[in-house]
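The values are calculated or read from the model by the stated rules, or taken from the named source; none is laboratory data. Because the structure is a prediction, the values reported are computed rather than measured. Ideal geometry is used to build each Cβ from the backbone, glycine not excepted, and the neighbour counts take in all protein chains shown. When the accessible area is computed, the model is the full protein with side chains, heavy atoms only, and any ligands, DNA or RNA have been set aside. Shrake-Rupley method; radii C 1.70, N 1.55, O 1.52, S 1.80 Å.
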Amino acid sequence: MTTPQRVLVTGSAGRVGRAAVAGLTARGHTVVGFDVRPTPGLPPERSVVAGLSDVDALRRAVAGAACVIHLAATPDDARFPRGAPPDDGDNFLSELVPNNVVGSYQVMEAVRTLGVPRVILASTGQVIDGHLRDGNTPVRPDSPPRPRYLYACTKVFLEAIGQVYARQHGIAVLAVRLGWCPRDAGQVAEIAASELAQDVFLSPGDAGRFFAAAVEARALPPFAVVYATSRFTHALRYDLTETKRLLGWEPTERWATGANPG
């Protein structure tokens, strides 16, 4: 039987966040959401509406959690590829640094000072995009980062700060390089046009079951990196061996199950 736990999910109103909330709730866990908008499926008293810069609200949400799933982030580069000057702006200083770098630090500090024993950090397959593009697959968890662009660089930082806090502060940290769970119809069309994208697709159902397995795993190493995707259609791109070994989780769905973000 699963022992119910109190779990905080940051970014809980997003596409993957909603899947995590649903998967955890289905397993009987008490879920607290933290997002800049209300979280569907949670009562108002467990749906904290705030940003990561609101440290007091963040600390109140973290207090008492057995596990924090940190998904909140600016979800991608605003401009990729960049335009030619002068139309070559990016969102690194305006969004990526405050939300993905400083925000992740604030989460880890709240976890450290409030004594949360386990954290699951949402990284991305974009941190090893270079391996995918070169066909160096399946990519392993210990493959060195080859980030796609600036957003992916912030996720390299996320994995690094998780490793530091695990080593220095005794927190069990799992960094998961998530597959592509499309947020809108445009992204669904992008995946439909690419065999590679279809192979790294992550359905909401598989995502929800993954996070439940990560919360419920009896023991984790101090720090680990794993992948989470649905079943491949054309070729295996990510090595899920470590995911199965540590969590007992394997995907059950494939493209395009649950792809419609409506």
Query raised in the report: Name the residues in the range 234-262 that are of a type outside the set (A, V, I, L, M), open to solvent by 50 Å² or more (accessible area, probe 1.4 Å) and over 21 Å from D184 (Cα atoms), would you?
Result: H234, T241, E242, K244, R245, G248, E250, T252
Query - Every pair of residues 6+ apart whose Cβ atoms lie under 8 Å, when the first sits in the range 60-87 and is farther than 20 Å from A20 by Cα while the second is assigned to a loop (DSSP other than H, G, I, E, B) and among the charged types (D, E, K, R) - result: D77/D90; A78/D90; R79/D88; R79/D90; F80/R148; R82/D88; R82/D90
Query raised in the report: When both residues are 6+ apart or on different chains and their Cβ atoms are under 6 Å apart, which pairs have a first residue that lies in the range 219-242 and is more than 23 Å from A259 (Cβ to Cβ), and a second that is open to solvent by 40 Å² or more (accessible area, probe 1.4 Å)?
Result: F223/Q163; D239/P138; D239/R140
Report task. Would you point out the residue of the range 75-101, among those that are of a type in the set (S, T, N, Q) and under 19 Å from the mean Cα position of the chain (by Cα), that is farthest from L121 (Cα to Cα)? Result -> N99
Report task. Working only within the range 126-145, note down all residues that are over 12 Å from L196 (Cα atoms) and either touching a residue at least 24 places away in the same chain (Cβ under 8 Å) or touching a helix residue (DSSP H, G or I) at 6+ places or on another chain (Cβ under 6 Å) (or both). Result -> Q126, V127, I128, V139, R140, P141, D142, S143, P145
Requested in this report: Please determine, by comparing only the residues of the range 110-126 that are assigned to a helix (DSSP H, G or I) and of a type outside the set (D, E, K, R), which one is nearest to V225 (Cα to Cα).
Outcome: G125
Query - helices (runs of 4 or more DSSP H) fully within the range 149-262 counting 3 or more residues that are within 27 Å of P117 (Cβ to Cβ) and aliphatic (A, V, I, L, M) - result: 150-169, 204-216
Query raised in the report: Just to be sure, is V226 crowded, with 22+ Cβ neighbours inside 10 Å and at pLDDT 95 or above?
Result: yes
Report summary line: Residue set V101, V107; condition open to solvent by less than 30 Å² (accessible area, probe 1.4 Å), part of a helix (DSSP H, G or I) and within 17 Å of Q163 (Cα to Cα); output residue V107
Query raised in the report: Taking the range 157-186 as the search range and keeping residues that are touching a residue at least 60 places away in the same chain (Cβ under 8 Å) and over 15 Å from the mean Cα position of the chain (by Cα), which one is nearest to I69 (Cα to Cα)?
Result: I171
Query raised in the report: Do we have F210 as over 27 Å from I171 (Cβ atoms) and either among the hydroxyl-bearing types (S, T, Y) or buried (at least 24 other Cβ atoms within 10 Å of the Cβ) (or both) here?
Result: no
